[in-house]
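Shown next, in C-alpha cells, is the structure this report addresses.
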Amino acid sequence: MKKFILMIVILSAPLYFTPAASSPSQITTPETFFSFQPGADRMLIDYEQLIAYLQKIDDESPRLKMIESGITMLDRPMYLLFISSPQNITELEPLKEINKQLALNPDLTDKARVEMLDKGRVFLLATLSMHSTEVGPSQALPLIAYRLATADDAETLSWLDSVVYMAVPCHNPDGMDMVVNHYRKYKGSKYEGSSFPGIYHKYVGHNINRDFLTLSQEENKAVARVYSTEWYPQVLVQKHQMGSSGPRYFVPPVHDPIAENLDAGLYNWSKVFGSSMINDMTDAGLSGVSHSYIFDSYWPGDTETSAWKNVISMLTELASVNLASPIYIEPNELAAGGKGLAEYKKSINMPAPWPGGWWRLSDLLQYEITSTLSMMKTAARYRKEILQYRNDLCRSEVAKGLNEAPHYYILPAEQHDTGEMVDLVNLLMEHGVRVYILSTAFKLADRELAAGTVVVPLSQPYRAFVKEVMEAQQYPVRRFTPGGEIIRPYDITTWSLPLHRGVKARAIDMRSEGLEELLIAVKAPFYFRTEVPDAFSATVWPVQNNTAFKVAFQALKNGLRVERLQEAIILDGVEAAKGSFVVYADQKPTLKKLLDEMMISPIFVRGAVDFKTVPVKMPRIALVETYFHDMDAGWTRYVFDRYGIPYTVVRPGEFEKTAFVKNFDILIFPDEDKSVLMDGKYKRGDRVYVANYPPEFARGIGKKGYENVMTFLDKGGKIISWGQSTELFLGKQEIVRGKEEKEEFQLPVRNVAENLQKAGLNCPGSWMKVMLTPDHPLTLGMPEETGVFYRGRPAFTTSIPGMADLDRRVIARFPEKDILLSGYCEKEESLAGKVAMAWARKGSGQVVLMAFSPQFRGSTQACYKLLFNAILL
C-alpha cells in the first residue's frame, strides 16, 4: 500500500491536541485477531468476528466506544461505533446535546450558538455494506479502527480532536453472515464467488436501501434514529460497491436530476467532500476515481434520506471483485455508459482512468481507507463552518415554513382508511416530524377544519422532508442538450406518503396564527381507539380499512370465528359496507389481545348477531419465490407476515413434484421475469444469460412443472399474478389430462405494453390513476378510483371469449385522461382505457392478473385490499 499523505489547514476555533493514550503495542492488530490481514485474497470476516474485534479494541483504546443501537429482522444486535479523541469520547453526551440544539433549535441566542460552535465537534456517520455482496466497506473497518486507535501523528490527532467518526459496522448483519457463509461453503470449488441464492436479508435484500421513507425494516429504523432523533450527525456517507468493469470508485457530486426541495448548500458541501476525496485518492496513487456519474440525488428512499433532515449526505461506490476472490480485467473489458461518462476515457468526471489488470479485495480496502481518512480531514478542516451551516439550515427551513407556501398539511379525521392515516401520523413522528391535532373546530378562509384534524406545520427544521413526502411528485425534466434526450432518473419517481397510503391530505397555503394557537402536540403512539366494553358478542371491522383485513387474517390464525357481511349495515350510527368483517367474541381473551394490538377500534356488537354473512376461511397459499434475488417475493412475504397471512414458499425447481391440487388453494406469482421462472435464466430479447448460481438454485419451473400449474387451474385452483410474471398466463396454454387428453386454450386477456412502448410510453415507476369496477368481490372496501404503482408494463386488453368455459372481467382500467397522479410518464395518453387488472376464468379455475405491484416495496397500502380480496376470492 502506498504511503498516504494528507495536508490539513485549520480554519476554525483552536483545537486541543490529545496525545495517543495507548501505544500500538497495546492494541490488538487485525491480523493477530483474525489470523489473517483483512483484505487478503479469498478471506472474509463474518459479522460476529467483526463485532468481536471492535469490542476488543473498544476495551483496549480510550478513543473507541461502541453501543448497541437496534436489532435486525432476524434478531441480531446492531451497533454504533464512535472513534475520536479520548476527551471527545468521554464527552459524547454533552456533544450529542450540542448536535441536537444546532439541528433543532432555531432560537439559539448568539452567545449560546457561539459557545456551541466552539465546543461542538463534527459527527461523521458512515453506514457500511448494507448490500451484503458489497463486502469492502465492512471488511475495511477493522483497519480503519486500528489506524485511528493507534495513530500518534499530529495530523491524525487533530482530526480526532475535531471529528467524531461514527460507523454502523454493518448495516445488514443478517445478510453479511448469509453471504460470507455462502462464500466459505463454495470456496475452492468452481462456484467460488458465485451469487448468493435468494435474498441476503429476511425479506428485502438489495431493497434494504429503498426503505428509508416507509421504515418497514428494523435495520433501517435503527439507522434512521441515529440521524433523525438521537445523534443528529452533521455529515453522512453511505458506502457501497458497484460493477467490476467501470470506474474503480465514485465520489460526490452526483449527476442530475437532483431534489428541488433540498437546500443548495447540501449539494455544495457534498462537492467539497467529493473534490477532497478525488484529490487525496489520486495523490495516493488510486486511479479510476469518478464523480458526477450515473447516480443522482432525486429520490429520497435510501440512506441519504438524511439530506432531507439537513444532514450533508453522500454516497461512495467501489468497483467489486467476486466477493473476496480476485479478478483480472482486460483493458478492452473496461466500459462506461450512461449519464456522466459516455465512454471509458480520460475525462473531467474521471481524470485518471484505471488501466486494467488484477483487482483484489485488498485494493478495495485501500480505496475505502483512503476515502474515509479524506472525509475526516475535510470535516476537521471545516469543523466550525459545518456546525454553523447545520444551525443556519435549521433556522432557514423554519423561516421558509413561516413565510412560504405551503404552511401546513392537514389530514382530516374522516378518512376512507382511518388506520392508514393513523399509521402515517406515527411514521411522520418516527421520522422526527412534529405533528399536531386541532383542539377545536376552526374556519380557515373558506375551509372548515373539524376538531381532531391532524396538522403538520412546515415551520420546522425538517421542512424539506415534510414537503417532499407529503406532496405529489413532479419530475424535474432536465435534458443533455436543449430539446434533446431527457435525463432519466436512477430509481422511481413517486413516493408521496398520502397518495401511496390512500390518505387525504391537503396543502394549506395561508398561514394562521389563530389556527396555531389551537394546536396540541401529538405524542407517539397516536391512535384512534375507543374503550372496549365489558360485554359484547362480536366486533365489526369496516372493510375500507386495511386493519380490518389484518384483524380477520390474524383472528383466523388464532382460531377465532370470522364472517363477512354480504350487505351493508349501520351500527351505532356507523356504516359497515358489504365485505366488512365480523369477528366473534367466542374466545374473548384472544380477541381482546388482538384489539389491544390495533391502532383503531371496531364497531362493537352488544346483542345477537343477525346480519347476513358468509364464513371466511383462510386459503392455503403457495407463494412462488425464485433464488434470483427475488425482492418482490420477499416484500410479499413481509406484507403477509405483517398481516398474519400464512403461506408456503415454493421454488420454481420444486413445481414438478409439488402436489398443488392436494395441498393448496391459491398460487401466487409476484413480479418476476418469465424466463427466470420457467428456465432459470435471464433473457433479454434473443439473448440468454446464464446465471452464476450453483445448479441446484438455477432450476426453472420447466415443462412438467408448468403442466402441474395448469392441472391446478383445471381442478378449480386460483392463481394471482402481477407484473412480469403475468406473461406466464397469456397466449397459448395447454392442460394435460392423463396420457391422451390435451386441451389448448387462451385466456381472453392480452398484453399490449410492447406496442405502447414502441409508441413512446415511458413510465419509470409512477403513481397512476385507475378506475375500479364497483361492487365486485375483488374491489370490496376500495373507492371507485385509486392510484397504483406502475412501471409501464404490462398493459392489458381483453376480448370476448370464444369458449363457454372462459370468461373475463375488467377490474381496473386507466381513465381516458389525467392518468398521472405523481411522478413522471411520457405518452401517458397511450394508456387511456387500457386494463390494469383483470379477472379471468377457465372452467372452475380463476386467474387474477395485475399490471401493477399491489405491495410495491411495502409502500402502496392504497391498493393492498386488491391483493387481500384476491386471496379471499
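The values are calculated or read from the model by the stated rules, or taken from the named source; none is laboratory data. Note that the coordinates shown come from a computational prediction; the quantities given were computed from them, not determined experimentally. Quick reminder, even Gly has a Cβ in these numbers, built from the backbone with ideal geometry, and neighbours come from all protein chains shown. These accessible areas exclude ligands, DNA and RNA; they are computed on the full protein's heavy atoms, side chains included. Shrake-Rupley method; radii C 1.70, N 1.55, O 1.52, S 1.80 Å.
With 462, 436, 408 as the choices, which residue is under 26 Å from residue 226 (Cβ atoms), among the hydroxyl-bearing types (Ser, Thr, Tyr) and out of contact with any helix residue (DSSP H, G or I) (no Cβ under 6 Å at 6 or more places or on another chain)?
Details: 462 fails: out of contact with any helix residue (DSSP H, G or I) (no Cβ under 6 Å at 6 or more places or on another chain); 408 fails: under 26 Å from residue 226 (Cβ atoms).
Unique residue meeting the criteria: 436.
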Taking residue 492, is it over 21 Å from residue 397 (Cα atoms), modelled with pLDDT of 95 or more, open to solvent by less than 40 Å² (accessible area, probe 1.4 Å) and part of a strand (DSSP E or B)?
-> no
Evaluation of residue 623 against (1) of a type in the set (A, V, I, L, M); (2) modelled with pLDDT under 95; (3) part of a strand (DSSP E or B) (one fails), failing number = (2)
Within the range 437-467, can you find the residues that are under 23 Å from the mean Cα position of the chain (by Cα) and either under 17 Å from residue 522 (Cα atoms) or open to solvent by 10 Å² or more (accessible area, probe 1.4 Å) (or both)?
-> 462, 463, 466, 467
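Modelled with pLDDT of 95 or more and crowded, with 16+ Cβ neighbours inside 10 Å: which single residue out of 550, 557 fits that description? Break it down stepwise before answering.
Numbers: 557 fails: crowded, with 16+ Cβ neighbours inside 10 Å.
That would be 550, the only listed residue that is modelled with pLDDT of 95 or more and crowded, with 16+ Cβ neighbours inside 10 Å.
Would you check which residues across the range 806-825 are more than 29 Å from the chain's Cα centre (by Cα) and open to solvent by 60 Å² or more (accessible area, probe 1.4 Å) and list them? Even if it seems obvious, please write down each step before you answer.
Step one: filter the range 806-825 for residues more than 29 Å from the chain's Cα centre (by Cα), giving 806-810, 815-817.
If the condition is that a residue be more than 29 Å from the chain's Cα centre (by Cα) and open to solvent by 60 Å² or more (accessible area, probe 1.4 Å), then 809, 816, 817 are the ones that fit.
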If we scan the range 747-770, do we find a residue that is more than 33 Å from the chain's Cα centre (by Cα), surrounded by 12 or more Cβ atoms within 10 Å (Cβ to Cβ) and on the phi < 0 side of the Ramachandran plot?
-> yes
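Considering the range 383-411 alone, what residues qualify as being part of a helix (DSSP H, G or I) and open to solvent by 10 Å² or more (accessible area, probe 1.4 Å)?
Residues of the range 383-411 part of a helix (DSSP H, G or I): 383-403.
Result: 384, 385, 388, 389, 392, 395, 396, 398, 399, 400, 402, 403.
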Checked the range 141-153 for anything in a helix (DSSP H, G or I), open to solvent by less than 30 Å² (accessible area, probe 1.4 Å) and either without any contact (Cβ under 8 Å) to a residue 60 or more places away in the chain or farther than 14 Å from residue 33 by Cβ (or both); matches are 144, 148
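Can you find, within the range 811-826, the residue that is nearest to residue 496 (Cα to Cα) among those that are of a type in the set (A, V, I, L, M) and in a strand (DSSP E or B)?
Going through the range 811-826, the residues of a type in the set (A, V, I, L, M) turn out to be 811-812, 819-821.
Narrowing further to those that are in a strand (DSSP E or B): 811-812, 820-821.
Values: 811: 24, 812: 21, 820: 13, 821: 10 Å.
Applying the filter and picking the extreme gives 821.
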Picked from the range 448-497 (must be touching a Phe, Trp or Tyr at 6+ places or on another chain (Cβ under 7 Å) and of a type in the set (Asp, Glu)), the residue farthest from residue 786 (Cα to Cα) is 491
Output the residues belonging to the range 585-612 that are touching a helix residue (DSSP H, G or I) at 6+ places or on another chain (Cβ under 8 Å) and assigned to a strand (DSSP E or B).
-> 600
Here are some conditions: (1) open to solvent by 60 Å² or more (accessible area, probe 1.4 Å); (2) closer than 23 Å to residue 769 by Cβ; (3) touching a His at 6+ places or on another chain (Cβ under 9 Å). Residue 506 meets all but one. Which one does it not meet?
-> (3)
Residue pairs qualifying under the 7 Å Cβ cut-off, at least six apart or on distinct chains, with the first in the range 305-323 being farther than 23 Å from residue 176 by Cα and the second being open to solvent by less than 10 Å² (accessible area, probe 1.4 Å) and part of a strand (DSSP E or B), are 306/236; 311/235; 311/236; 312/235; 313/236
Search result, residues across the range 510-534 that are in contact with a strand residue (DSSP E or B) (Cβ under 9 Å, 6 or more places away or on another chain) and farther than 19 Å from residue 415 by Cα | 510, 511, 512, 514, 515, 516, 518, 519, 520, 521, 532, 533
Hey, can you tell me all the residues within the range 690-706 that are open to solvent by 90 Å² or more (accessible area, probe 1.4 Å), touching a residue at least 12 places away in the same chain (Cβ under 8 Å) and part of a loop (DSSP other than H, G, I, E, B)?
-> 699
List the pairs whose first member sits in the range 154-167 and is open to solvent by less than 10 Å² (accessible area, probe 1.4 Å), whose second member is at pLDDT below 95 and of a type in the set (A, V, I, L, M), and whose Cβ atoms are under 8 Å apart, counting only residues at least 6 apart or on separate chains?
-> 158/8; 158/10; 158/15; 159/8; 161/15; 162/15
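Condition first: out of contact with any helix residue (DSSP H, G or I) (no Cβ under 6 Å at 6 or more places or on another chain), closer than 19 Å to residue 841 by Cβ and either open to solvent by less than 70 Å² (accessible area, probe 1.4 Å) or assigned to a strand (DSSP E or B) (or both). Now tell me which residues in the range 727-746 satisfy that.
Keep residues of the range 727-746 that are out of contact with any helix residue (DSSP H, G or I) (no Cβ under 6 Å at 6 or more places or on another chain), which gives 729-734, 737-746.
With the extra rule that they be closer than 19 Å to residue 841 by Cβ, the set shrinks to 729-734, 737, 743-746.
Passing the criteria: 729, 730, 731, 733, 734, 737, 743, 744, 745.
Please find, within the range 417-436, the residue that is farthest from residue 309 (Cα to Cα) out of those that are of a type in the set (D, E, K, R) and open to solvent by less than 10 Å² (accessible area, probe 1.4 Å). Let's see the steps before the verdict.
Within the range 417-436, the subset of a type in the set (D, E, K, R) is 417, 420, 423, 430, 434.
After this cut, where a residue has to be open to solvent by less than 10 Å² (accessible area, probe 1.4 Å) as well, the list is 417, 420.
Details: 417: 28, 420: 24 Å.
Ranking the qualifying residues of the range 417-436, first place goes to 417.
Restricting attention to the range 512-529, which residues are within 22 Å of residue 429 (Cα to Cα) and open to solvent by 40 Å² or more (accessible area, probe 1.4 Å)? First the steps, then the outcome.
Taking the range 512-529 as the starting set, the residues that turn out to be within 22 Å of residue 429 (Cα to Cα) are 515-529.
Listed by number, the residues that qualify are 516, 517, 518, 520, 521, 523, 524, 525, 527, 528, 529.
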